[in-house]
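The values are calculated or read from the model by the stated rules, or taken from the named source; none is laboratory data. Owing to the predicted nature of the structure, the values given are computational and were not obtained by experimental measurement. Cβ placement follows ideal geometry from the backbone for every residue including glycine, while neighbour counts extend to all protein chains displayed. Remember, those area values only see protein heavy atoms, side chains included, never the ligands or the DNA or RNA. Shrake-Rupley method; radii C 1.70, N 1.55, O 1.52, S 1.80 Å.
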Amino acid sequence: MMPLPPFRQVWQTALMLVFGALGGLAASYLHLPMPWMLGGLVSSAVMVLGWTPPFLRDYGFPMPFRTAFVALIGVMIGTQVTAELLSLAGDLVWTMAGLMVFIVLAHAGNVLIFRRIGGYDRATAFYSGTPGGLMESIVMGEGAGADARILTAQQFLRIIVVITLLPLGLSLWLGEPVGSAAGLSAASDKGPVTPLTLVLICVAAGLGLWGGRIGRLPAAQLSGPMILAALATVTGVLDLHLPVWLIAAAQLVIGVSLGMRFKGANLALLRRCLSLSLISVGYMLVLGAAMSLALHQITGIQWLHLFISFAPGGVAEMSVVALSLAANPALVSLHHVARILMTVLELGVAARLMGLRRS
């Protein structure tokens, strides 16, 4: 197939983002968690599942455009890393070790769930079962011969189920709204952002992305900007807190691009994937609760804060939940970023041991 003309791809992408924004507004009105990502995802998925207009038949979402906004999310996460984490250095040794154990047990249990209950082939079950590293799992899984439709559905349904049910469950348990339902945001609340700050944010995202790729970091589009922003924040060199509207735009772009990956799927497939995702997420939440209880006894860190740190959902939403509970958002963000990096590392090692090599 011939590549799309650039101008045509621009207006196709613009239309998809407008349609996704309508879904984001609806999700915001309903006070759903991560409304712009979830609304954009559902809107674009509905379009390609229920009604595929002619202008979308030869359309593919521009990945470089998406990568730029993922880098902005990396900058946002990096700004939440503060010097106060240094006081928890001794406890972090235990929690990080526990996180690695959680990743191995979660992945192994999920593979059994998808193989024995779902009947998936080895490659599809293996890459669908990772407790993090969504894009890395999809890319590596496609190269290893996994079913791309099932893999994409299972990976994003993992995030959707966690970021939807966990804040709702915590709201019912605590008797008050948490996360996006509480109207909180991981973005800046320091007033209007100046044009110079926006330029510095974009420069940090670009330099971090470049550095992450040069250094061959796992999830370079996220980890590179995150590390650079964290260094700038901790040292006090720059204040790069992102405005609310920029975070919403980044979530919208990521949501729409992921929703487009449901192209070619069907409702029967999604129903099957959702039922398996509920089992998988339930297993991981129980495992995370048990690990958090053990680590609470060792470190003294509150169980609920550790539980949020181990929940395999979105980094931004878990940080917002932490804020609403007066937890340490930097602690939560650090563990979720570490979960992604550790998962990518574990994924490569386990794939070689199982003979699932990238073709």
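If you scan the range 295-323, which residues turn out to be at pLDDT below 70, closer than 19 Å to LEU157 by Cβ and touching a Pro at 6+ places or on another chain (Cβ under 7 Å)?
GLU317
Could you please tell me which pairs satisfy a Cβ distance under 9 Å, a separation of 6+ or placement on different chains, a first residue in the range 52-66 that is more than 14 Å from ALA14 (Cα to Cα), and a second residue that is open to solvent by less than 50 Å² (accessible area, probe 1.4 Å) and at pLDDT below 70?
Between residues of the range 52-66 that are more than 14 Å from ALA14 (Cα to Cα) and residues that are open to solvent by less than 50 Å² (accessible area, probe 1.4 Å) and at pLDDT below 70, the close pairs are ASP58/LEU4.
Return the residues of the range 72-129 that are surrounded by 18 or more Cβ atoms within 10 Å (Cβ to Cβ), at pLDDT 75 or above and not in a helix (DSSP H, G or I); say none if nothing qualifies.
GLY118, TYR120, GLY129
Within the range 17-31, is even one residue outside any helix (DSSP H, G or I) and either at pLDDT below 85 or buried (at least 22 other Cβ atoms within 10 Å of the Cβ) (or both)?
Checking the range 17-31: at least one residue is outside any helix (DSSP H, G or I) and either at pLDDT below 85 or buried (at least 22 other Cβ atoms within 10 Å of the Cβ) (or both).
Considering only the range 341-356, I want to know if a residue exists there that is open to solvent by 10 Å² or more (accessible area, probe 1.4 Å), in contact with an Asp or Glu (Cβ under 8 Å, 6 or more places away or on another chain), part of a helix (DSSP H, G or I) and modelled with pLDDT of 80 or more.
yes
Looking at the range 296-305, is at least one residue at negative phi and crowded, with 23+ Cβ neighbours inside 10 Å?
no
Could you run through the range 55-64 and say how many residues are in a helix (DSSP H, G or I), at pLDDT 75 or above and surrounded by 15 or more Cβ atoms within 10 Å (Cβ to Cβ)?
0
For the range 205-236, name all the residues that are assigned to a helix (DSSP H, G or I), of a type in the set (A, V, I, L, M, F, W, C) and within 20 Å of the chain's Cα centre (by Cα).
Within the range 205-236, ALA205, LEU209, ALA220, LEU222, MET226, ILE227, LEU228, ALA229, ALA230 meet the criteria.
Under the condition of being in a loop (DSSP other than H, G, I, E, B) and open to solvent by less than 50 Å² (accessible area, probe 1.4 Å), which residue from the range 32-48 is nearest to LYS263 (Cα to Cα)?
It comes out as MET34.
Does THR235 meet the test of being open to solvent by 60 Å² or more (accessible area, probe 1.4 Å) and polar (S, T, N, Q)?
yes
Scan the range 268-294 residue by residue and report those that are open to solvent by 60 Å² or more (accessible area, probe 1.4 Å), modelled with pLDDT under 95 and in contact with a helix residue (DSSP H, G or I) (Cβ under 7 Å, 6 or more places away or on another chain).
LEU274
Residue by residue through the range 169-210, note down the ones that are modelled with pLDDT of 75 or more, open to solvent by less than 50 Å² (accessible area, probe 1.4 Å) and aliphatic (A, V, I, L, M).
LEU170, LEU198, ILE201, ALA204, ALA205, LEU209
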